[in-house]
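Heads up, the thing below is written out as structure tokens.
The values are calculated or read from the model by the stated rules, or taken from the named source; none is laboratory data. Everything numeric in this text was worked out from a predicted model, so none of it was measured. Backbone-built Cβ (ideal geometry, glycine too); neighbour counts: all protein chains shown. Side chains included, ligands, DNA and RNA excluded: accessible areas come from the protein's heavy atoms. Shrake-Rupley method; radii C 1.70, N 1.55, O 1.52, S 1.80 Å.
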Amino acid sequence: MIMLTYSFYSLIEGFFEWIISIGESVNGVPLWVIEISDKPGEEEPEPAFKYIGNVHGDEPVGRELLMLLANWICDNYLKDPLATSIVDGVHLHILPSMNPDGFLLRRRGNANNVDLNRDFPDQFFPVNNYVNGRQPETRAIMKWLREIQFTASASLHGGALVANYPWDGTQDKRKNYFACPDDETFRFLASVYSGSHHNMSLSKEFEGGITNGASWYPIYGGMQDWNYIYAGCFELTLEISDNKWPIANELLTLWEYNKMSMLNLVASLIKTGVHGRIFSSDGGRPLPGFIVIKGINYTVQASRGIADYHRLLASGGRYEVTATAPGYKSKTTGIWLDKAGTNVDFVLDPNVNRRGIPLRSTCECRWGTRSVIWDTHLEVYLLLIVIVGFLLFLCKRRTYSRLKQRQLAGPRRPVVV
């Protein structure tokens with residue numbers, strides 16, 4: 001579990017902000033994360049969003065803007081409707097610096113001079129497939145995402161002005177547009193950031209201020225694609241400043257240029273998409289099932305604890321949403337997304353055999369780190385128990401018979417070799 005290292009109660013009644021450490025850098029510097037929510041550390045049927053800054057040590061603007069973002073939200077809760085909706089409706093996590101060692105050294109890589117945005121497992125090439133070969137900062141991020149199911153995220157970089165979305169690489173390593181299954185949704189999210197920015201959308205280099213990563217320049221081992229493939233998290237890579245290391249008095253201007261973009265991107269989690277929970281009609285228990293959108297080859301999994309799901313989708317379209325769970329009958333409904341998100345709860349009926357007895361789920365149900373696999377037929381378990389019991393009875397009876405024969409034959413003589 002993630003270690004809770006420090007917490008404090010905000011000056012605003014009813015609002016908490018937690019500070020946690022998700023790991024350490026090469027030189028032992030804690031990777032501090034700020035969680036902002038009305039109920040931090042608790043599981044709620046709400047989407048979770050994360051911002052990560054300073055992935056590259058020589059790109060500190062994101063680090064500073066994220067601290068300003070946290071302060072602004074805390075100061076404006078219950079005063080500003082956007083700040084209030086984020087605190088009440090989203091679990092926001094902010095990691096200002098993923099690479100504190102590189103920041104102190106004023107260089108791109110970490111203390112081992114490794115580019116952390118090339119250190120994640122890749123879908124096309126077997127780079128970084130060995131856990132022990134990854135950097136501690138990379139391992140901390142991967143462990144963090146095993147603990148928390150994030151809906152979306154963004155990492156902040158410097159050196160350009162554009163919102164970048166997957167895929168970041170191509171199988172043939174050529175520079176061309178390579179779309180992921182959720183290309184339309186990613187373009188929508190990237191446009192939310194770019195369109196809310198002071199001048200990003202006016203870019204002459206990137207149409208609308210957004211770009212497909214592979215179309216710009218392919219990279220491999222990046223954090224963005226890994227989030228989408230392995231963690232079910234929709235991540236953008238945001239280049240927020242042409243100047244990687246601007247002078248200090250420019251920071252407030254950069255903050256004003258990016259403030260609404262940062263806020264609107266987080267708020268888009270509750271303003272768009274389809275959200276809800278999956279339940280069983282047999283007792284009403286939460287089902288950690290799956291959500292599939294017709295025509296999109298990507299599956300979103302509901303959380304293991306309370307079975308809430310948050311499926312991001314581009315606004316302005318009709319979608320066919322299907323909920324499934326092993327051992328249950330799937331259900332499908334149609335939705336229309338205009339300028340607001342929608343909530344749909346699914347209640348699934350269990351599959352039954354010919355006698356009308358529910359077939360137990362074959363899904364993997366988790367309690368902590370242990371797993372229990374339920375078989376499809378309870379009758380099979382009962383039959384196996386009877387068979388094993390009968391075999392044990394026969395074995396015990398045979399052993400007893402042999403012991404009785406030995407007692408009648410007397411003690412054996414020692415064997416001399």
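Beta carbons closer than 6 Å, at least 6 apart along the sequence or on distinct chains, pair a first residue in the stretch 114-140 that is on the phi < 0 side of the Ramachandran plot with a second that is open to solvent by 30 Å² or more (accessible area, probe 1.4 Å) and in a helix (DSSP H, G or I) for 123/229.
Out of the residues in the stretch 100-125 that are of a type in the set (A, V, I, L, M) and either surrounded by fewer than 16 Cβ atoms within 10 Å (Cβ to Cβ) or under 23 Å from the mean Cα position of the chain (by Cα) (or both), which is farthest from residue 308 (Cα to Cα)? Looking at residues that are of a type in the set (A, V, I, L, M) and either surrounded by fewer than 16 Cβ atoms within 10 Å (Cβ to Cβ) or under 23 Å from the mean Cα position of the chain (by Cα) (or both), I get 104.
The set of residues from the stretch 126-164 being among the acidic types (Asp, Glu) and either open to solvent by less than 10 Å² (accessible area, probe 1.4 Å) or at pLDDT below 95 (or both) comprises just one member, 137.
Applying the set (1) assigned to a loop (DSSP other than H, G, I, E, B); (2) open to solvent by 30 Å² or more (accessible area, probe 1.4 Å) to residue 97 leaves exactly one unmet item: (2).
Only one of the numbered conditions (1) closer than 24 Å to residue 256 by Cβ; (2) among the polar types (S, T, N, Q); (3) buried (at least 24 other Cβ atoms within 10 Å of the Cβ) is not met by residue 71, and that is (3).
Scanning the stretch 105-144 for residues that are out of contact with any Ser or Thr (no Cβ under 9 Å at 6 or more places or on another chain), in a helix (DSSP H, G or I) and not β-branched (Val, Ile, Thr) yields a total of 8. Kindly evaluate residue 209 against the criterion of being small (Gly, Ala, Ser) and closer than 30 Å to residue 84 by Cβ. The answer is yes for residue 209. Within the stretch 26-41, residues that are under 16 Å from residue 149 (Cβ atoms) have Cβ atoms under 6 Å from residues that are open to solvent by 50 Å² or more (accessible area, probe 1.4 Å) and aromatic (Phe, Trp, Tyr) in these pairs: 35/18; 40/16; 40/18; 41/18, counting only partners at least 6 apart in sequence or on another chain.
Do we have any residue at all in the stretch 180-194 that's closer than 22 Å to residue 271 by Cβ, open to solvent by 50 Å² or more (accessible area, probe 1.4 Å) and hydrophobic (A, V, I, L, M, F, W, C)? Taking every residue of the stretch 180-194 in turn, at least one turns out to be closer than 22 Å to residue 271 by Cβ, open to solvent by 50 Å² or more (accessible area, probe 1.4 Å) and hydrophobic (A, V, I, L, M, F, W, C). Of all residues in the stretch 277-307, those that are open to solvent by 10 Å² or more (accessible area, probe 1.4 Å) and at positive phi total 3.
State whether one or more residues within the stretch 19-38 are more than 13 Å from residue 137 (Cα to Cα), at pLDDT 90 or above, touching a helix residue (DSSP H, G or I) at 6+ places or on another chain (Cβ under 6 Å) and of a type outside the set (A, V, I, L, M, F, W, C). Yes: one or more hits. Of all residues in the stretch 301-322, those that are within 13 Å of residue 149 (Cβ to Cβ) have Cβ atoms under 6 Å from Cβ atoms of residues that are of a type in the set (S, T, N, Q) and open to solvent by 40 Å² or more (accessible area, probe 1.4 Å), 6 or more apart or on another chain, in 303/149.
Considering the stretch 233-265, the residues that are in a loop (DSSP other than H, G, I, E, B) and farther than 15 Å from residue 120 by Cα include one that is least open to solvent (accessible area, probe 1.4 Å), namely 246.
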